[in-house]
Amino acid sequence: MTPPYRVGDELPPLEIPVTRTLIVAGAIASRDYQDVHHDAASAREKGSPDIFMNILTTNGLVGRYITDHFGPTAVLRKVAIRLGAPNYPGDVLRLTGRITELRTADASPGGASSADASSDEVVEAIEAIEAVVQVTGGNGIGRHVTGTVAVTLPEPSVKRAGA
């Protein structure tokens, strides 16, 4: 079964309000306790107008953007990003993406779990499609993030031995 994706397809944009809570929570969740991510006075002392988002939060939001689009069975294989303009509170991060490559990938080992087949069936390796997506994200002051994400998209049905 051929997936409904083509090279050149644009993903719908995702707009994420950048709040103080998002910035601080992302820093705490990723154990990044640098004061520039939670203390506005310290951030200003170091030359920033306010606290700003850390790279791990941005990385997580890029991953969310991809899995929101491709669905819960999508598996992120590689996320490679580069930061540009900081994300400050009160702005909006707008993520966009474009599929730049599609290829067949072998989803084994572990591509099919025992839950995918009854106990008397043998499950072969599942063919899956890997998509490479160019992602960009901007805010009110410029380009915040650029990068590529490789994601495996399993076929909707499991190939069964003897079927």
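The values are calculated or read from the model by the stated rules, or taken from the named source; none is laboratory data. Everything quoted here is computed from the prediction, not taken from an experiment. For neighbour counting, all protein chains shown are included, and Cβ atoms are generated from backbone atoms with ideal geometry for every residue, glycine included. SASA here: full protein model, heavy atoms, side chains in, ligands and nucleic acids out. Shrake-Rupley method; radii C 1.70, N 1.55, O 1.52, S 1.80 Å.
To keep it simple, each residue is scored yes or no on (1) modelled with pLDDT of 95 or more; (2) surrounded by 15 or more Cβ atoms within 10 Å (Cβ to Cβ); (3) of a type in the set (Gly, Ala, Ser); (4) within 15 Å of residue 136 (Cα to Cα).
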residue: 8; (1), (2), (3), (4): yes, no, yes, yes
residue: 19; (1), (2), (3), (4): yes, no, no, no
residue: 23; (1), (2), (3), (4): yes, yes, no, no
residue: 28; (1), (2), (3), (4): yes, no, no, no
residue: 42; (1), (2), (3), (4): yes, no, yes, no
residue: 62; (1), (2), (3), (4): yes, yes, no, yes
residue: 73; (1), (2), (3), (4): no, no, no, no
residue: 83; (1), (2), (3), (4): yes, yes, no, yes
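Condition first: touching a strand residue (DSSP E or B) at 6+ places or on another chain (Cβ under 8 Å), open to solvent by 70 Å² or more (accessible area, probe 1.4 Å) and either of a type outside the set (A, V, I, L, M) or modelled with pLDDT of 95 or more (or both). Now tell me which residues in the stretch 117-142 satisfy that. Walk me through it before giving the result.
Filtering the stretch 117-142 for residues touching a strand residue (DSSP E or B) at 6+ places or on another chain (Cβ under 8 Å) gives 117, 121-140.
Filter again for open to solvent by 70 Å² or more (accessible area, probe 1.4 Å), leaving 121-122, 124, 127.
Correct list: 121, 124, 127.
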### Query
Among the residues of the stretch 55-66, is any in a loop (DSSP other than H, G, I, E, B) and either among the polar types (S, T, N, Q) or within 21 Å of residue 146 (Cα to Cα) (or both)?
no
### Message
Quick check on the stretch 1-13. Is at least one of its residues in contact with a helix residue (DSSP H, G or I) (Cβ under 9 Å, 6 or more places away or on another chain), of a type in the set (Asp, Glu) and on the phi < 0 side of the Ramachandran plot?
### Response
no
### Query
Consider residue 112 against the criteria (1) assigned to a loop (DSSP other than H, G, I, E, B); (2) open to solvent by 50 Å² or more (accessible area, probe 1.4 Å); (3) modelled with pLDDT under 95: it satisfies all of them except one. Which criterion is unmet?
(2)
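Here's the yes/no breakdown for (1) within 22 Å of residue 152 (Cα to Cα); (2) touching a Pro at 6+ places or on another chain (Cβ under 9 Å):
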site	(1), (2)
22	no, yes
33	no, no
39	no, no
103	yes, no
### Task
Note down all Cβ pairs under 8 Å where the first residue falls in the stretch 131-145 and is in a strand (DSSP E or B), the second is among the acidic types (Asp, Glu) and open to solvent by 30 Å² or more (accessible area, probe 1.4 Å), and they're at least six residues apart or on different chains.
131/101; 132/101; 139/91
### Task
Given the conditions (1) more than 18 Å from residue 140 (Cα to Cα); (2) open to solvent by less than 20 Å² (accessible area, probe 1.4 Å); (3) out of contact with any His (no Cβ under 9 Å at 6 or more places or on another chain), report the number of the one that residue 48 does not fulfil.
(1)
